[in-house]
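Contents: one structure, followed by commentary.
Nothing in this text is a laboratory measurement; each read-out follows from the coordinates by a stated rule. Predicted model, so just to flag it, every value in this text is computed and none were measured. Note that each Cβ is placed from the backbone with ideal geometry, even for glycine, and that neighbours are counted across all protein chains shown.
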Amino acid sequence: MIEDMLRTPAAVQDAERHTAHNYHPLPVVISSAEGAWVTDVDGRRYLDCLAGYSALNFGHRHPTLIAAAHAQLDKLTLTSRAFLHDQFADFCRELAALCGKDLVLPMNTGAEAVETGIKVARKWGYQVKGIPAGQANIVVAEGNFHGRTTTIVSFSTDSDARADFGPYTPGFRIVPYGDLAALTEAIDEHTVAVLLEPIQGEQGVVVPPEGYLHGVRLLCTERNVLFIADEIQSGLGRTGTTFACEQEGVVPDMYLLGKALGGGIVPVSAVAADTDVLGVLQPGQHGSTFGGNPLACAVATEVVRLLATGEFQRRSAALGERLQAGLRGLIGKGLVAVRGRGLWAGLDIDPALMSGREACERLMERGVLAKDTHGSTIRLAPPLVITEEEIDHAVAQVAAVLAG
């Protein structure tokens, strides 16, 4: 039988046997990829509509980014920050310009960027705002997802992410997302920052009420509090603008970046802010062995240059309208709600039909890869290189799954 010749079942079993079960992946084993498509060990192709949680905004193996990686691999990969290297200045300068900020602090993962933002905000609070030692607090939102370190899960409201990892780090106040009145009430004289996702990704691509981000910006300015925007998933072209904050004409005090910054090749993250904020750090107070390494900088500089053209932001905006319109046409036909901006969508499936996991399994059988979250919700975040025809194909497969 053909099934007996497939390599996937054995590969899945082997992975399960030797891996801690911190993920519950779909039973697909990818061996190669290009653009918006991946191919498994049995030669079956799938349209990737997750794009590594936005880490693959430019698709798999973008030729410009692959060329930059190859060229750098032949010269220099790591020095540590004990020395400078010839890729570092270009990356920091060009990313700072893209963000409209003075300074950049390169790190590796998104969680490291968030941890860096927390540390910088606290230090700014003590040194600049004059808060008494040990009294700083940061206001965050319910439903947030900023990473999985012990500090970050301390202010998560997701029981799976938080339970049994205590004792928890103090210094955080949680308010409902999108509720400006609750945020106003939570800020006091010891508040150093408001840390928010402009659009909540893991929660199901939740877009805040119109005017919310603008109100947050005004409130933070009025109260002398830093506005930290976690744009790790929402930034770098995903929503149709370079940053999701731009949708409301808002500029935060600090950007937290990651995922797409590494071009789908290496983990790269960064914090971008002006000198009066990032300048509070002095040598020896924060760092990372691999942060800002030559290979990462070479790739990430090319990512910044791709974004500087505006091409990918325009693609995301235009193609996003097509995606959102197609999905909204399925409301009442198995979908309860659709949320999103640009090439990013959260789909609430009628729970009477199936769970989000079941929907993703059925989409996989039809050659489309997506990810479920919170019961009956699935997320779509295709690479920004996807075509109109491929978007229509993805929407058609969603419709077919809902129709049973």
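Quick one: which residues, 5 or more positions from Val368 or on another chain, have an amide H under 5 Å from its amide H? H modelled 1.01 Å from N in the peptide plane, none for Pro or chain starts.
Distant-sequence amide H within range of Val368: Leu47.
For the chain, what is the mean residue ellipticity at 222 nm derived from helices alone (per DSSP H run of n ≥ 4: -39500 (n - 2.57); sum divided by total residues; nearest 500 deg cm²/dmol)?
-10500 deg cm²/dmol
Report ³J(HN,Hα) in whole Hz for each residue of the range 218-232, in order, from the Karplus equation J = 6.51 cos²θ - 1.76 cosθ + 1.60 where θ = phi - 60°; Gly and Pro get x.
So the Karplus estimates, Gly and Pro as x, are 5, 5, 5, 5, 5, 9, 6, 10, 6, 9, 9, 9, 7, 9, 5 Hz.
Could you check what % of the DSSP bridge pairs in the range 76-308 are antiparallel, to the nearest 5?
40 percent
Cut-off is 10 Å between beta-carbons; in what order do Asp372, Asp90 appear when sorted fewest neighbours first?
Least to most surrounded, the residues fall as Asp90, Asp372.
Please give the Cα centre distance for the range 189-241 versus the range 321-337, rounded to the nearest Å.
26 Å
Which residues make up the longest stretch of the chain that has no GluC sites (Glu not before Pro) in a DSSP loop with at most 16 other Cβ atoms within 10 Å?
The longest such stretch corresponds to 211-404.
Can you put Ser31, Ser355, Ser234 in order of Cβ neighbours within 10 angstrom, beginning with the fewest?
Ser31, Ser355, Ser234
So what are the ³J(HN,Hα) numbers for the range 300-314, from phi and the Karplus equation (6.51, -1.76, 1.60; θ = phi - 60°), rounded to whole Hz, Gly and Pro as x?
With the stated coefficients, the range 300-314 comes to 5, 4, 5, 4, 4, 5, 4, 5, 4, 6, x, 4, 6, 5, 5 Hz.
List the lysines whose Cα lies under 22 Å from the Cα of Lys259, skipping any in the same chain that are fewer than 8 positions away.
Filter leaves Lys101, Lys119, Lys371.
In 5 Å bins starting at 0, how do the alpha-carbon pair distances of the range 52-191 split up by percent?
Bins of 5 Å from zero give 2, 8, 11, 15, 18, 16, 11, 10, 7, 3, 0, 0 percent of pairs.
For the chain, modelled as a Gaussian network with Cα springs under 10 Å, which listed residue fluctuates most, Ala193, Ala244, Ala352?
Comparing Ala193, Ala244, Ala352 in the GNM, the peak value goes to Ala352.
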